[in-house]
1. Scan region 109-137 and report the pairs whose first residue is without any contact (Cβ under 8 Å) to a residue 24 or more places away in the chain and whose second residue is in a strand (DSSP E or B) and surrounded by 11 or more Cβ atoms within 10 Å (Cβ to Cβ), with Cβ atoms within less than 8 Å and a gap of 6+ or a chain change.
2. Would you mind stating whether Ser60 is in contact with a strand residue (DSSP E or B) (Cβ under 9 Å, 6 or more places away or on another chain), assigned to a strand (DSSP E or B) and without any contact (Cβ under 8 Å) to a residue 24 or more places away in the chain?
3. Can you pull out the residues in region 38-61 that are at pLDDT below 95 and in contact with a Cys (Cβ under 9 Å, 6 or more places away or on another chain)?
4. For region 25-57, enumerate the residues that are part of a loop (DSSP other than H, G, I, E, B) and acidic (Asp, Glu).
5. Within the group Val44, Val92, which residue is farther than 27 Å from Glu2 by Cα and not acidic (Asp, Glu)?
6. The conditions are (1) touching a strand residue (DSSP E or B) at 6+ places or on another chain (Cβ under 7 Å); (2) over 18 Å from Ser60 (Cα atoms), and Ile76 fails exactly one of them. Which is it?
7. Does region 84-100 contain any residue that is in a loop (DSSP other than H, G, I, E, B), on the phi > 0 side of the Ramachandran plot and not basic (Lys, Arg)?
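The values are calculated or read from the model by the stated rules, or taken from the named source; none is laboratory data. Just so we're clear, the structure is a prediction, and the values are computed from it rather than from any experiment. For neighbour counting, all protein chains shown are included, and Cβ atoms are generated from backbone atoms with ideal geometry for every residue, glycine included.
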Amino acid sequence: MELIFKLNDIAHAANWFLTNINTSRCIAFHGEMGAGKTTFISVVCNVLGAEHIASSPTFSIINEYSTASGTNIYHIDLYRIKDEQEAVSAGVEDCLYSNQYCFVEWPEKAPGLFPDNTVHCFLITIDADTRKLKIIL
């Protein structure tokens with residue numbers, strides 16, 4: 001399924017996304033550098049009620065956010081890892097299998113770590129103000 005949206009309507013896109021991933025909790029985000037993966041994930045986390053959303057986890061690899069309801073959300077950025085073993089050492093597997101929301105950028109850096117039920121999302125730049133979000137369940 002796909003949605004084309006304008007960046008000024010990203011909150012609507014985030015709500016559509018959450019409705020359409022059903023009960024899935026592990027989501028792999030694919031897209032070129034600058035497509036807006038981090039921005040989109042931040043808005044999704046905000047819709048989910050995350051408190052204190054920080055910056056991109058590019059350097060920390062994993063950011064953990066809490067919600068008012070007491071659940072955790074993991075935002076993982078694998079861009080800087082060298083291999084799957086480095087991801088395992090950083091604790092990525094614990095997050096992926098936690099049954100909490102886990103949003104992962106650059107999943108192609110450690111493809112063997114993901115659960116079978118991972119949802120793959122592709123964020124594609126159409127122009128400076130328009131994106132296409134494609135969800136593969």
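1. The qualifying pairs are Ile136/Val119; Ile136/His120; Ile136/Cys121; Ile136/Phe122.
2. no
3. Listed by number, the list holds a single entry, Ile53.
4. Glu32, the sole residue that qualifies.
5. Among Val44, Val92, only Val92 is farther than 27 Å from Glu2 by Cα and not acidic (Asp, Glu).
6. Just one mismatch for Ile76, condition (2).
7. Within region 84-100, the first condition is being in a loop (DSSP other than H, G, I, E, B), and the residues that meet it are 90-91, 97-100.
Add one more test, that the residue is on the phi > 0 side of the Ramachandran plot, and what stays is 91, 99.
Now narrow it down to the ones that are not basic (Lys, Arg): 91, 99.
The answer is yes; a qualifying residue exists.
Matching residues to (1) of a type in the set (A, V, I, L, M, F, W, C); (2) at pLDDT 95 or above; (3) within 24 Å of Lys132 (Cβ to Cβ):
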| position | (1), (2), (3) |
| --- | --- |
| Asn8 | no, yes, yes |
| Asn63 | no, no, no |
| Ser66 | no, no, no |
| Tyr74 | no, yes, no |
